[in-house]
């Protein structure tokens with residue numbers, strides 16, 4: 001191992017870090033020296049600099065304000081006044097909340113990092129990869145806080161030509177100490193030819209009702225209505241700024257009406273009528289029976305609004321409190337899993353909230369058995385996946401405690417839960433579509449798959465090939481009933497009859513939803529261009 005440290009500088013190349021877990025889940029492709037890399041990036045300003053930390057650099061660019069200052073900070077911590085700021089240089093641009101008002105050309109020290117998951121306000125950067133280093137740091141257990149922490153001055157690096165898909169883990173070096181590889185550091189030469197033309201539509205999210213599909217663009221305020229029976233297609237453009245949002249926007253539909261969340265509010269599209277229903281960006285929208293919508297807005301806590309079909313404005317909230325972690329449409333309304341929002345795991349708890357179709361609200365008791373990090377709501381009957389650890393403490397027949405794998409907790413009518421246990425580990429995370437769970441699993445072709453393929457049935461994909469697989473799960477057994485290779489780690493899925501539509505940003509696909517099959521592209525961008 002070597003410990004090089006290049007003096008921070010403002011000139012190109014641009015240096016960025018990619019977390020090992022982000023590479024492992026397939027969000028960005030592993031960087032290879034000499035190839036072109038394109039990344040969504042965020043920026044973290046560093047008040048203090050560790051000389052051994054080569055991920056930190058100094059950027060010189062033009063700083064501009066993007067709005068009014070607001071109190072900013074993590075939940076549970078004291079917030080300070082910060083200015084939304086953009087720093088722009090030759091071929092790059094980063095945004096962050098700055099503790100100082102911006103003005104003119106500035107030098108800022110910090111870390112540029114790949115952000116392919118959180119999408120706070122991402123920028124994109126593209127360049128030829130000049131160098132790749134695997135970053136490691138010495139970690140020590142903080143017994144008071146019960147966690148591992150990095151030791152300043154202990155960063156080390158090793159150069160690689162091709163970054164591996166998986167690396168990381170801790171190598172014990174002493175009592176309560178271990179060295180962990182946790183990031184790839186990439187140097188980019190931004191002077192490269194421009195990319196290919198962007199398609200007319202980048203399908204970021206899809207919703208279906210009957211034979212009508214509504215597709216929302218990943219980053220632009222564009223929504224497309226597609227009749228799947230006739231291929232009639234229509235484009236809608238919302239009065240929204242470009243670049244203020246990137247990710248799968250919340251979108252729901254009911255017949256010829258579509259609702260879509262954007263950064264400045266919730267929009268309703270019906271025929272030729274496009275109007276803003278409310279001026280708050282919804283965190284989640286659920287469509288229930290009779291066309292009613294449950295709109296969930298998150299400020300310091302979650303607010304629940306029940307929106308009748310055809311409403312032109314958002315009514316007063318029915319309930320406020322907690323932090324929405326998961327929500328689904330239930331037979332008699334809506335069901336939500338709420339946390340108290342505590343940052344520290346030992347202080348975090350959860351409860352269920354039921355919103356009836358008429359607007360009634362029932363709040364359940366605190367569910368201590370769920371632990372600090374339960375999974376989401378899904379299945380029939382409705383269940384909550386077990387903790388991320390997949391373990392729960394239970395009492396044996398003789399009353400002695402033991403630990404076993406948890407398949408989940410079944411939700412009871414009184415908003416309590418009942419443990420459902422099994423001998424096999426369930427999927428770590430999954431989403432729900434009309435109560436049916438699905439997940440995306442990455443399985444490697446060059447190592448033991450048992451730690452990646454989390455099901456009892458064998459993986460049907462060839463063992464010598466890497467694969468990112470979209471997996472539909474049985475709502476009760478959580479075993480796969482349909483599998484398809486998918487080109488994106490975070491797709492959105494909607495049902496169309498017995499089939500499914502899958503939006504992956506690069507394209508919109510049809511999926512048979514049974515057995516092992518390939519996704520079949522629906523050429524929406526080409527249909528629009530005709």
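The values are calculated or read from the model by the stated rules, or taken from the named source; none is laboratory data. Note that this is a predicted model, so its numbers are computed, not measured. We place every Cβ from the backbone using ideal geometry, glycine too, and count neighbours over all the protein chains shown.
Assorted remarks:
- Those residues of segment 298-312 which are modelled with pLDDT under 75 and closer than 17 Å to residue 264 by Cα, in sequence order: 298, 299, 312
- Taken over segment 493-503, the criterion of being under 14 Å from residue 438 (Cβ atoms) and in contact (Cβ under 8 Å) with a residue 24 or more places away in the chain is satisfied by 493, 494, 495, 500, 501, 502, 503.
- Any hit, segment 115-134, residues being touching a helix residue (DSSP H, G or I) at 6+ places or on another chain (Cβ under 8 Å), touching a residue at least 40 places away in the same chain (Cβ under 8 Å) and within 30 Å of residue 523 (Cβ to Cβ): yes
- Wholly within segment 143-225, strands (runs of 3 or more DSSP E) carrying at least 3 residues that are touching a strand residue (DSSP E or B) at 6+ places or on another chain (Cβ under 8 Å) and free of Cβ contacts under 8 Å to residues at least 60 places away in the same chain: 147-150, 170-174, 177-189, 212-217
- Residue within segment 102-111 that is crowded, with 16+ Cβ neighbours inside 10 Å and within 30 Å of residue 341 (Cα to Cα) present: yes
- Residues within segment 474-518 that are assigned to a loop (DSSP other than H, G, I, E, B) and either at pLDDT 85 or above or under 19 Å from residue 206 (Cα atoms) (or both), tallied: 16
- Within segment 493-530, the residues that satisfy the criterion of being under 17 Å from residue 441 (Cβ atoms) and surrounded by 18 or more Cβ atoms within 10 Å (Cβ to Cβ) are 493, 500, 502, 504, 511, 513, 519.
- The number of residues in segment 76-89 that are loosely packed, with under 14 Cβ neighbours inside 10 Å and either modelled with pLDDT of 90 or more or closer than 18 Å to residue 56 by Cα (or both) comes to 1.
- Where residue 151 falls short, out of the listed (1) at negative phi; (2) under 27 Å from the mean Cα position of the chain (by Cα): (2)
- If you go through segment 335-354 and keep only what is more than 22 Å from the chain's Cα centre (by Cα) and assigned to a helix (DSSP H, G or I), you end up with 346, 347.
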